[in-house]
1. If you check PHE140 against the conditions, is it assigned to a loop (DSSP other than H, G, I, E, B), within 13 Å of ligand 2 (Cβ to nearest atom) and either within 26 Å of LYS292 (Cβ to Cβ) or among the hydroxyl-bearing types (Ser, Thr, Tyr) (or both)?
2. For the stretch 186-200, give me each residue that is buried (at least 21 other Cβ atoms within 10 Å of the Cβ), within 16 Å of ligand 1 (Cβ to nearest atom) and either within 18 Å of GLN119 (Cβ to Cβ) or not hydroxyl-bearing (Ser, Thr, Tyr) (or both).
3. Does the stretch 201-220 hold any residues that are open to solvent by less than 60 Å² (accessible area, probe 1.4 Å) and either basic (Lys, Arg) or in a loop (DSSP other than H, G, I, E, B) (or both), and which are they?
4. What's the number of the condition HIS78 fails, among (1) touching a residue at least 60 places away in the same chain (Cβ under 8 Å); (2) near ligand 1 (Cβ under 9 Å from one of its atoms); (3) buried (at least 24 other Cβ atoms within 10 Å of the Cβ)?
5. Considering only residues that are of a type in the set (Lys, Arg) and more than 20 Å from THR245 (Cα to Cα), look in the stretch 173-198 and name the one that is nearest to the chain's Cα centre (by Cα).
6. Considering only the stretch 12-31, I want to know if a residue exists there that is outside any helix (DSSP H, G or I), more than 27 Å from MET308 (Cβ to Cβ) and within 13 Å of ligand 1 (Cβ to nearest atom).
7. Consider ARG249 against the criteria (1) within 15 Å of ligand 2 (Cβ to nearest atom); (2) part of a loop (DSSP other than H, G, I, E, B): it satisfies all of them except one. Which criterion is unmet?
Amino acid sequence: MTKRALITGINGQDGQYLTELLTAKGYAVHGIIPCRAPGIGEAGDRLYYADLAEGSNLLTILQKSEPDEVYNLAAQSHVRLSFELPIYTAEVTGVGTLRVLEAIRDYQRLTGREVRFYQASSSEMFGKVKTTPQNEDTQFHPRSPYACAKVFGFWQTVNYRESYGMHASNGILFNHESPRRGESFVTRKITLAVGRIKVGLQEKLKLGNVDARRDWGFAGDYVEAMWQMLQQPEPDDYVVATGQTHSVRDFLNAAFGHVGLKWEDHVETDSNLLRPAEVDLLCGDATKARKKLGWSPKVRFEELVGMMVEHDLELAEREKRKRG
Ligand code: NAP
Ligand code: G4F
């Protein structure tokens, strides 16, 4: 029988890679997209409009899509923006997760069918880190409204597992990037600028804290781990990371260096881009995922940076040709 999956946030970076992975595995993939432009009509085959900030039609969507697996990827996922929109972020990223879990519980009660649940938890929950590297036993110390909302979603997922026996798992994913990464996250912001600077469309790039360190992997590798979690006989929580940490400065070096430029000639610091509280250092220990899921990252840091720069250089060249 064809397996069916429902992905919230299907049009985001991870939603796109996960759709490709599940489709290749023979799944019928259904997805939820937010209704940004009311009145624009049908969302399309296997696509449904819903906003996790209210979620009144989630049960109806479950009844229509009849999923075996639900991947909850939708979120207000921008950390800095969450300081400006803390309540909205809590509604979408935190309570939104609870809305999905409640709808699944209702659906299971009504139909007697089992639905497996994946929650997109985040390394941001470790925040002001207690130990390095961080693993499943590391205490959370969230440093933003976004991270607080993700901690709420994490514990609701654990509670639905423990209270109702739901097959509900948290993937605690460290930063993962790709040419499909949203344009305001630091890696993509840098690679887009590198392309435009290289072809002469831009001179300067404004950034905030370039000393912050992140454990950056490739999104295409990370969606494999999401799927693997839901294939386990028992639900559980897993850290997914490369185990390598680099500063934004390192990323700048690699990205500008890839096209023969020096980042120091182009980057300016802008205090408006600093955050009220920063997460200084993230570095994950994915030993449990390696051992239990057989998961390991394939794309290394330098390869990831090169892939993103090459993609964005091509975009810039196209933009330049268009301008004539
Ligand atoms: P993303 O590109 O920002 O995708 C999030 C998706 O959620 C977008 O398609 C967005 O739609 C949708 N969305 C936003 N608000 C919504 C709402 N109110 N109702 C319904 N949908 C809504 O994020 P991603 O990088 O793919 O990450 C996927 C998930 O993993 C997110 O939950 C993120 O917080 C989490 N995560 C990401 C990373 C990472 O490094 N990428 C690491 C750990 C955890 P619009 O684009 O139309 O707004
Ligand atoms: O790329 P970022 O915005 O990612 P951040 O804050 O680590 O969050 C991302 O990863 C999380 C996993 O740990 C996800 F849960 C979350 O949804 C999101 O996908 O910023 C990375 C670092 C930060 O320390 C930031 O202060 O880069 C620093 N930075 C410096 N200048 C900047 C900038 N970040 C952004 N977005 N823009 C800048 O100009």
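The values are calculated or read from the model by the stated rules, or taken from the named source; none is laboratory data. Because the structure is predicted, anything quoted here is derived from the model rather than measured. No Cβ is skipped: glycine too gets one built from the backbone with ideal geometry, and neighbour counts run over all protein chains shown. For accessibility, only protein heavy atoms count, side chains too; no ligands or nucleic acids. Shrake-Rupley method; radii C 1.70, N 1.55, O 1.52, S 1.80 Å.
1. Yes.
2. VAL186, ILE190, LEU192
3. Residues satisfying the conditions are LEU201, GLN202, GLY208, ASN209, VAL210, ALA212, ARG214, ASP215, TRP216.
4. (3) is the only condition that HIS78 fails.
5. In this case the residue turns out to be ARG180.
6. no
7. Status for ARG249: all satisfied but (2).
Residues are listed down the side, and each one gets a yes or a no for (1) out of contact with any Ser or Thr (no Cβ under 9 Å at 6 or more places or on another chain); (2) closer than 21 Å to PHE185 by Cβ; (3) not in a helix (DSSP H, G or I):
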residue: GLY260; (1), (2), (3): yes, no, yes
residue: ASN272; (1), (2), (3): yes, yes, no
residue: PRO276; (1), (2), (3): no, yes, yes
residue: VAL279; (1), (2), (3): no, yes, yes
residue: LYS288; (1), (2), (3): yes, no, no
residue: PRO297; (1), (2), (3): no, yes, yes
residue: GLU303; (1), (2), (3): yes, yes, no
residue: GLY306; (1), (2), (3): yes, yes, no
residue: LEU315; (1), (2), (3): yes, yes, no
